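First up is the structure itself, then whatever we jot down about it.
The values are calculated or read from the model by the stated rules, or taken from the named source; none is laboratory data. Nothing here was measured: the structure is a model prediction, and the numbers come from that model. Please note: Cβ atoms are built from the backbone with ideal geometry, for glycine as well, and neighbour counts cover all protein chains shown. Accessible surface areas use protein heavy atoms only, side chains included; no ligands, DNA or RNA. Shrake-Rupley method; radii C 1.70, N 1.55, O 1.52, S 1.80 Å.
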Amino acid sequence: MIWNDHYETMERDRLKQVQSRSLRELVERVYKKVPFYRRKMDEQGVKPSDINQIIDIVKLPFTTKQEMRDVYPFKLLAVDLSDIVEIHTSSGTTGKPVVDAYTLRDIDTWSEVMARTLSMGDVTRQDIVQNAYGYGLFTGGLGVHYGARRIGANVIPISGGNTKRQLMIMQDFRSNVLTCTPSYSLYLAEAALEEGIDFSKLPLRVGFFGAEPWSEGMRKEIEAKLHLKALDIFGLTEIIGPGVAQECMCQDGLHIFEDHFYPEIIDPETERLLPEGEKGELVLTTLTKEGTPVLRYRTRDITYLNYKTCRCGRTSVRMNRILGRTDDMLIIRGVNVFPSQIEEVLLQVEGVEPHYQLLIDRKGQLDSIEIQVEMIEKLFSDEIKMLEKTEKKIENALYSSLGVHSKVKLVEPKSIPRSEGKARRVIDKRQV
Ligand code: ADP
Ligand code: ZN
């Protein structure tokens with residue numbers, strides 16, 4: 001179901017005109033109101049009058065995560081503080097968080113893009129949305145909340161965690177839509193099994209899973225265990241939170257809400273723009289945001305774009321699922337890999353559970369990786385010889401598809417810590 005026919009199926013030439021106008025207005029606004037951007041544009045020798053068409057965006061400077069931290073808390077504001085009605089931040093585990101400050105119109109935009117998002121999974125006012133994304137400064141909870149409200153669905157603001165209560169509510173309220181991280185959905189499935197709850201008997205129909213990387217193999221696990229259709233939802237605090245891009249029922253890429261967020265793909269080394277279909281770093285510009293607008297934000301997320309019209313009828317560009325982040329790429333003995341690539345290989349091995357952790361260490365000059373992964377109970381009780389054989393099998397699979405030498409250790413079911421939000425997949429012992 002398409003929430004906003006006008007924008008989501010707009011002819012691409014017409015869309016470019018809309019984007020061009022928004023970009024002109026945005027650049028004028030930030031040049032006038034935000035000294036940070038004016039200085040950067042002056043340094044680059046670009047004036048607002050140089051920006052006419054959307055393609056002129058390449059003349060503008062990039063914005064990095066570090067810069068967004070340096071302007072903490074309010075130096076990116078393009079309106080008076082009194083016009084701000086709500087503030088969210090990134091988790092800020094590694095320093096000052098990034099601030100996203102919303103005007104009333106920004107909240108309205110957020111509700112709109114989140115209504116489009118949920119509509120991609122056919123959510124209507126008949127549905128009951130169990131929203132297990134965290135409420136609070138994190139954008140996940142309230143983002144989904146505003147979208148569900150805009151549609152008129154019944155939203156259950158349960159937030160993350162408290163797994164037993166999640167399961168009780170799910171049964172009693174007959175939730176048919178679930179929103180949480182992919183890792184938490186598996187935790188719910190596992191806890192349900194322990195409680196003797198059969199997911200195939202619950203009305204759950206569709207889930208919106210995101211906020212962390214996950215693979216196609218993980219999708220299959222989730223769909224089989226939770227008996228629902230698992231859709232990929234993408235967003236980031238710097239841009240608006242969830243509601244930047246969303247997979248439709250075709251499960252063939254995530255539609256970007258391009259009338260609000262303009263995507264580019266660049267080579268992260270040279271910063272050169274890459275053509276359609278080439279893998280690189282996603283760069284996003286908030287075309288319509290009022291509170292804390294962002295020019296050409298370097299997301300560090302790796303993906304590629306596809307401009308073909310989708311089978312669902314939407315004309316908006318689609319991004320592939322995120323392949324990894326430039327900052328969590330591992331370099332193991334000279335081979336570059338993303339944790340999600342390892343996940344993809346692991347989940348193809350029979351008997352392997354979607355619970356794993358990567359332990360990175362350094363021995364002498366060489367980086368090494370140990371992969372701890374859980375097995376299904378039945379296999380784990382096999383004799384040692386069998387386990388060793390499976391470990392070797394996985395090591396070989398990883399070597400032949402990724403070229404990575406690794407040590408695989410099968411661990412007992414339920415021994416890897418579970419997460420209620422974003423899973424922690426990588427433990428880097430080199431840093432401790
Ligand atoms: P933080 O984690 O810094 O608190 P965010 O929640 O805004 O802040 O995190 C945004 C990041 O989460 C994105 O840049 C991306 O790396 C990751 N992310 C979000 N959604 C997805 C998704 N569907 N698939 C893969 N990665 C995702
Ligand atoms: Zn589609």
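Pairing each residue of the stretch 249-268 that is within 13 Å of ligand 2 (Cβ to nearest atom) with any residue that is of a type in the set (Asp, Glu), provided the two are 6+ apart or on different chains, yields C-beta distances under 6 Å for 254/232; 254/247.
When the residues of the stretch 205-232 are filtered to those that are open to solvent by 10 Å² or more (accessible area, probe 1.4 Å) and aliphatic (A, V, I, L, M), the one that is nearest to ligand 2 (Cβ to nearest atom) is 228. Among the residues of the stretch 22-62, those that are open to solvent by 20 Å² or more (accessible area, probe 1.4 Å) and not in a helix (DSSP H, G or I) comprise 45, 47, 52, 53, 62. Cβ-Cβ distances below 7 Å connect the following pairs, each with a first residue in the stretch 413-432 that is of a type outside the set (Val, Ile, Thr), a second residue that is open to solvent by 90 Å² or more (accessible area, probe 1.4 Å), and a separation of six or more residues or different chains: 413/377; 430/362.
What are the residue pairs meeting all of these: first residue in the stretch 290-309, first residue closer than 16 Å to residue 235 by Cα, second residue assigned to a loop (DSSP other than H, G, I, E, B) and of a type in the set (Phe, Trp, Tyr), Cβ atoms under 6 Å, and 6 or more apart or on different chains? From the stretch 290-309, the pairs are 296/62; 298/62. Inside the stretch 313-330, can you point out the residues that are within 16 Å of ligand 2 (Cβ to nearest atom) and either of a type in the set (Lys, Arg) or buried (at least 16 other Cβ atoms within 10 Å of the Cβ) (or both)? Those that are within 16 Å of ligand 2 (Cβ to nearest atom) and either of a type in the set (Lys, Arg) or buried (at least 16 other Cβ atoms within 10 Å of the Cβ) (or both): 314, 315, 316, 317, 318, 319, 320, 321.
Count of the stretch 264-286 residues, restricted to those that are hydroxyl-bearing (Ser, Thr, Tyr) and assigned to a loop (DSSP other than H, G, I, E, B), is 1. Of the strands (runs of 3 or more DSSP E) lying entirely inside the stretch 63-175, those containing at least 2 residues that are within 16 Å of ligand 1 (Cβ to nearest atom) and touching a Pro at 6+ places or on another chain (Cβ under 9 Å) are 84-89, 99-103.
Residue pairs whose Cβ atoms lie under 9 Å apart, separated by 6 or more positions or on different chains, with the first residue in the stretch 193-218 and assigned to a helix (DSSP H, G or I) and the second open to solvent by less than 60 Å² (accessible area, probe 1.4 Å) and within 16 Å of ligand 2 (Cβ to nearest atom), are 216/321; 218/230.
The single condition among (1) crowded, with 16+ Cβ neighbours inside 10 Å; (2) within 16 Å of ligand 2 (Cβ to nearest atom) that residue 122 does not meet is (1).
Tally time: how many residues in the stretch 288-321 are within 16 Å of ligand 1 (Cβ to nearest atom), more than 16 Å from residue 267 (Cα to Cα) and among the hydroxyl-bearing types (Ser, Thr, Tyr)? So the answer is 1.
Considering each residue of the stretch 336-359 in turn, none proves to be within 30 Å of residue 395 (Cα to Cα) and within 16 Å of ligand 2 (Cβ to nearest atom).
In this entry, residue 242 is excluded by the filter for residues that are in a loop (DSSP other than H, G, I, E, B) and either at negative phi or of a type outside the set (Gly, Ala, Ser) (or both). Test each condition in (1) within 30 Å of residue 60 (Cα to Cα); (2) crowded, with 22+ Cβ neighbours inside 10 Å; (3) in contact with a Gly (Cβ under 8 Å, 6 or more places away or on another chain) for residue 261 and report the one that comes out false. With respect to (1) within 30 Å of residue 60 (Cα to Cα); (2) crowded, with 22+ Cβ neighbours inside 10 Å; (3) in contact with a Gly (Cβ under 8 Å, 6 or more places away or on another chain), residue 261 is out only on (3).
The conditions of being polar (S, T, N, Q), out of contact with any helix residue (DSSP H, G or I) (no Cβ under 9 Å at 6 or more places or on another chain), without any contact (Cβ under 8 Å) to a residue 12 or more places away in the chain and over 19 Å from residue 241 (Cα atoms) are not met by residue 176.
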